[in-house]
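First the structure, in the form of C-alpha cells, and then the observations on it.
The values are calculated or read from the model by the stated rules, or taken from the named source; none is laboratory data. The structure displayed is predicted, hence computed values, not measured ones. Neighbour counts run over all protein chains shown; Cβ positions are idealised from the backbone, glycine included. To get the accessible areas, we keep the full protein, side chains included, count just its heavy atoms, and leave off ligands, DNA and RNA. Shrake-Rupley method; radii C 1.70, N 1.55, O 1.52, S 1.80 Å.
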Amino acid sequence: MSLRSAKVAVLVYDLFEQVEFEEPIRRLLSEGISPTIISANKLSMQAMKHNVPGDLFKADKLIGDANKEDYIALILPGGALNADNLRMNNKAREWIHFFLNNDRLIAAICHAPWLLVSADAIEERRVTSYFTLQDDIRNVGAEWIDQPVVVDGNLITSRKPADLDDFDTAIIDWLST
C-alpha cells in the first residue's frame, strides 16, 4: 500500500484529549495522509486539555454516515470522558470488530482501549493503556504491558500523551508496510 493512499479514520465521541487527537493527525498530514474525523455523537465537538475545556473541532461525518470498509486504519484518541461514552456506542464496537477481524489497523491511546474492552475484542492480545485501565484489560483476558507503545499485529496501543512520538511512529510504520 502506498502511504499517501492510506485512508485513515479518527473516531471520537466528544470531550476527547486534545493533544492525543491533534498530534497523530499532524503526523499523518506531514506524511501526506488526510484523515477523516468521525464523531459518534455530533459534528461540533469540544476537546479537553486534561480536566479543562480545550478547543472546538468539527467532525467530517458522523459514524452512522461513514462506511467502515472505506478505511485501512482507525485511530482512537483518549480522554476519560470520550472513551467512557464511546465504549457504550454500538456502532463504535462494530467498527472495532470489523478492523480487528479484517487486518486493518486500530491505534488506541490512553483511555481509548476502554472501547476495546467493552467491545470484548482483546482477549489474549498484548495491550497497554493509561495505567488505571490495567485491571479492566486484564479482566477481559488481555495482557497489560507497561510500555510506551505495544504493537500486537494490527493493534497498536499507547499509554499517555508523553508517548505520542512513539505512538505516531508506530502508526506510520504500520501503514508503510
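Summary table below
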{"item": "The stretch 148-165 - residue that is within 19 Å of residue 50 (Cβ to Cβ) and in contact with a Pro (Cβ under 7 Å, 6 or more places away or on another chain) and, of those, surrounded by the most Cβ atoms within 10 Å (Cβ to Cβ)", "result": "158"}
{"item": "Options 6, 66, 59; residue that is open to solvent by less than 50 Å² (accessible area, probe 1.4 Å), in contact (Cβ under 8 Å) with a residue 60 or more places away in the chain and either more than 25 Å from residue 134 (Cβ to Cβ) or not aliphatic (A, V, I, L, M) (or both)", "result": "6"}
{"item": "Qualifying residue in the stretch 122-134 (condition: in contact (Cβ under 8 Å) with a residue 12 or more places away in the chain, closer than 19 Å to residue 21 by Cα, out of contact with any helix residue (DSSP H, G or I) (no Cβ under 6 Å at 6 or more places or on another chain) and not β-branched (Val, Ile, Thr))", "result": "yes"}
{"item": "The stretch 86-114 residues that are in contact (Cβ under 8 Å) with a residue 24 or more places away in the chain and among the acidic types (Asp, Glu), paired with ones that are assigned to a loop (DSSP other than H, G, I, E, B) and open to solvent by less than 30 Å² (accessible area, probe 1.4 Å) (beta carbon under 9 Å, 6 or more apart)", "result": "94/119; 103/154"}
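To keep it simple, each residue is scored yes or no on (1) closer than 21 Å to residue 7 by Cβ; (2) more than 12 Å from the chain's Cα centre (by Cα).
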{"position": "71", "(1), (2)": "yes, yes"}
{"position": "110", "(1), (2)": "no, no"}
{"position": "120", "(1), (2)": "no, yes"}
{"position": "125", "(1), (2)": "no, yes"}
{"position": "150", "(1), (2)": "no, yes"}
{"position": "173", "(1), (2)": "yes, yes"}
